[in-house]
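Following: one structure in structure tokens, then a few remarks.
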Amino acid sequence: AARRAVAATRGQVLVWDGELLPAFFHANCAGHTADARTLGFVADSCPPLAGVADRGCRGTSRPWRATVAAERLDAASAALGLGAWLRSLHSLERDPAGRMLRTRFLGSDRHYDGPAEEARLRLRVPSTVWTRALVREDGALLLEGRGSGHGVGLCQEGAQRRARAGEDWRAILAHYYPGAEIRPLTGDLLN
């Protein structure tokens with residue numbers, strides 16, 4: 001089935017405003033995909049990457065739990081030039097779906113405000129949809145959340161659910177990249 005799907009769509013691309021659209025994707029959106037511009041994936045507003053509701057993932061997104069060791073927290077503080085240890089980490093801004101957009105790392109010497117995606121990668125946690133954070137006695141951070149990945153573009157679990165419900169690939173792409181066109185790849189798109 002996968003080979004047939006590849007053969008059927010060979011040479012097809014997503015286009016927005018006459019340009020190739022970066023077709024970002026992730027594992028599970030936790031109920032709503034993220035705005036690519038807000039997360040810094042694209043410089044300008046891009047309606048096909050502005051984020052869409054995905055009700056199927058809202059109710060079925062498996063919660064996750066992760067423990068971030070104190071040593072990893074302190075290594076993040078040192079790598080960011082904030083001091084030898086991390087005093088706190090919290091959200092500065094969230095999107096309507098609850099996904100953190102910006103975070104503040106407060107180290108022993110100074111603080112750093114940056115994209116929440118950077119915190120996700122530095123701490124090695126599944127997503128930035130955190131539902132609970134607790135500092136343990138040993139200095140480790142216990143996190144609970146939903147979703148998996150950055151949340152921009154197509155949600156793989158949501159797309160799979162839609163395909164199993166009978167939606168074709170065009171309808172699935174239209175849902176996750178609203179307004180984008182599916183066109184054959186031609187030379188004018190490469191220049």
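Quick notes
- If you go through the range 116-160 and keep only what is of a type in the set (Lys, Arg) and under 21 Å from GLU93 (Cβ atoms), you end up with ARG120, ARG122, ARG132, ARG146.
- Restricting the range 69-98 to residues that are open to solvent by less than 30 Å² (accessible area, probe 1.4 Å) and of a type outside the set (A, V, I, L, M, F, W, C), the residue that is nearest to ARG132 (Cα to Cα): GLY98
- Among residues of the range 155-180 that are without any contact (Cβ under 8 Å) to a residue 40 or more places away in the chain and farther than 17 Å from GLY51 by Cα, those with a beta-carbon under 7 Å from a residue that is open to solvent by 40 Å² or more (accessible area, probe 1.4 Å) and of a type outside the set (Gly, Ala, Ser) at least six positions away or on a different chain give the pairs ARG170/ILE182.
- Which listed residue, of ARG164, ARG136, ARG146, ARG170, is under 21 Å from the mean Cα position of the chain (by Cα) and open to solvent by 60 Å² or more (accessible area, probe 1.4 Å): ARG146
Yes/no per residue for (1) of a type outside the set (Val, Ile, Thr); (2) in a helix (DSSP H, G or I); (3) surrounded by 14 or more Cβ atoms within 10 Å (Cβ to Cβ):
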{"site": "VAL6", "(1), (2), (3)": "no, yes, no"}
{"site": "VAL15", "(1), (2), (3)": "no, no, yes"}
{"site": "ALA36", "(1), (2), (3)": "yes, no, yes"}
{"site": "PRO48", "(1), (2), (3)": "yes, yes, yes"}
{"site": "GLY56", "(1), (2), (3)": "yes, yes, yes"}
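- Total residues in the range 25-34 satisfying the condition of being out of contact with any helix residue (DSSP H, G or I) (no Cβ under 7 Å at 6 or more places or on another chain) and open to solvent by 40 Å² or more (accessible area, probe 1.4 Å): the figure is 1.
The values are calculated or read from the model by the stated rules, or taken from the named source; none is laboratory data. Keep in mind that this is a model prediction, so the values were computed, not measured. Backbone-built Cβ (ideal geometry, glycine too); neighbour counts: all protein chains shown. Accessible surface areas use protein heavy atoms only, side chains included; no ligands, DNA or RNA. Shrake-Rupley method; radii C 1.70, N 1.55, O 1.52, S 1.80 Å.
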